[in-house]
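Quick notes on the structure that follows.
The values are calculated or read from the model by the stated rules, or taken from the named source; none is laboratory data. Predicted, not measured: the structure shown is a model, and the values here were computed from it. Methodologically, a virtual Cβ is constructed for each residue, glycine included, from the backbone with ideal geometry; neighbour enumeration extends over all protein chains shown. Just the protein is used for accessible areas: all its heavy atoms, side chains included, with ligands, DNA and RNA removed. Shrake-Rupley method; radii C 1.70, N 1.55, O 1.52, S 1.80 Å.
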Amino acid sequence: MALIYVLNGPNLNLLGTREPEIYGHQSLIDIEAMLTEQAKALGLTIDFRQTNHEGVLVDWLQEAKRAGAAAVLLNAAAYTHTSVALLDAIKAISLPVFEVHLSDPMQREDFRHISYVGMAAAGVFAGHGAQSYALALDAAARLAL
Ligand code: DQA
């Protein structure tokens, strides 16, 4: 069964209570449950994680390659806009990495308009709340298996 890593960055553990007018009312656990159901229907396994630490995201991207994952969904949160280390890691692992955001950073502050993740991502799904993850998982199933 194909394996997809789903990696979440800083402050996403607070989803549900964090700025709900921007990020919605679903918690990260709700999103994991939704995605687990979808993965089952698609015949996939997901490994769903969250960390507040940039280097841990780098470690997990490298681990995804070693574990034989077919693709990664990555919501790097604020590190999307700052992290050359994540860009380098995505290039280093040569796996399809799909960038995910609940909000649409392009419609927000200027500092969110740059995406280091996007410079190497296989696709970007943003602005659809929790459904951004569902769209990205469908894309991974169609494009990466
Ligand atoms: C986010 C968008 C980022 O700009 C922000 O820093 C986040 C969440 C999103 O999912 O909409 O923490 O990645």
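Before we move on, is Ala136 free of Cβ contacts under 8 Å to residues at least 60 places away in the same chain and aliphatic (A, V, I, L, M)?
Spelling it out, it is not the case that Ala136 is free of Cβ contacts under 8 Å to residues at least 60 places away in the same chain and aliphatic (A, V, I, L, M).
Which numbered condition in (1) within 25 Å of Leu143 (Cα to Cα); (2) part of a loop (DSSP other than H, G, I, E, B) is the only one that Thr80 fails?
Going through (1) within 25 Å of Leu143 (Cα to Cα); (2) part of a loop (DSSP other than H, G, I, E, B) one by one, Thr80 breaks only (2).
Out of Ala136, Ala140, which single residue is within 12 Å of the ligand (Cβ to nearest atom), open to solvent by less than 10 Å² (accessible area, probe 1.4 Å) and not aromatic (Phe, Trp, Tyr)?
Ala136
Filter region 24-60 down to the residues that are open to solvent by less than 40 Å² (accessible area, probe 1.4 Å) and assigned to a helix (DSSP H, G or I), then identify the one that is nearest to Leu87 (Cα to Cα).
Val58
How do the pairs read when you match residues in region 113-129 that are open to solvent by 30 Å² or more (accessible area, probe 1.4 Å) with residues anywhere that are assigned to a loop (DSSP other than H, G, I, E, B) and of a type outside the set (A, V, I, L, M), using Cβ under 8 Å and keeping only pairs 6 or more apart or on different chains?
Tyr116/Thr82; Tyr116/Ser83; Ala122/Pro96; Val124/Ser115; Val124/Gly118; Gly127/Ser103; Gly127/Asp104
Output the residue which, of all residues in region 72-86 that are more than 10 Å from the ligand (Cβ to nearest atom) and not small (Gly, Ala, Ser), is surrounded by the most Cβ atoms within 10 Å (Cβ to Cβ).
Ranking the qualifying residues of region 72-86, first place goes to Val72.
Would you check which residues across region 1-23 are in a loop (DSSP other than H, G, I, E, B), more than 9 Å from the ligand (Cβ to nearest atom) and surrounded by 14 or more Cβ atoms within 10 Å (Cβ to Cβ) and list them?
Listed by number, the list holds a single entry, Gly16.
Give Ala69, Ala89 a once-over and let me know the one that is more than 16 Å from the ligand (Cβ to nearest atom), more than 12 Å from Ile4 (Cα to Cα) and open to solvent by less than 30 Å² (accessible area, probe 1.4 Å).
On the way: Ala69 fails: more than 12 Å from Ile4 (Cα to Cα).
One residue alone meets the criteria, Ala89.
Could you please let me know if Ala64 is of a type in the set (A, V, I, L, M, F, W, C), surrounded by fewer than 22 Cβ atoms within 10 Å (Cβ to Cβ) and assigned to a helix (DSSP H, G or I)? Let's see the steps before the verdict.
Values: of a type in the set (A, V, I, L, M, F, W, C): yes; surrounded by fewer than 22 Cβ atoms within 10 Å (Cβ to Cβ): no; assigned to a helix (DSSP H, G or I): yes.
Against the criterion (of a type in the set (A, V, I, L, M, F, W, C), surrounded by fewer than 22 Cβ atoms within 10 Å (Cβ to Cβ) and assigned to a helix (DSSP H, G or I)), Ala64 does not qualify.
Of all residues in region 91-141, which are aromatic (Phe, Trp, Tyr) and part of a helix (DSSP H, G or I)?
Phe111, Tyr133
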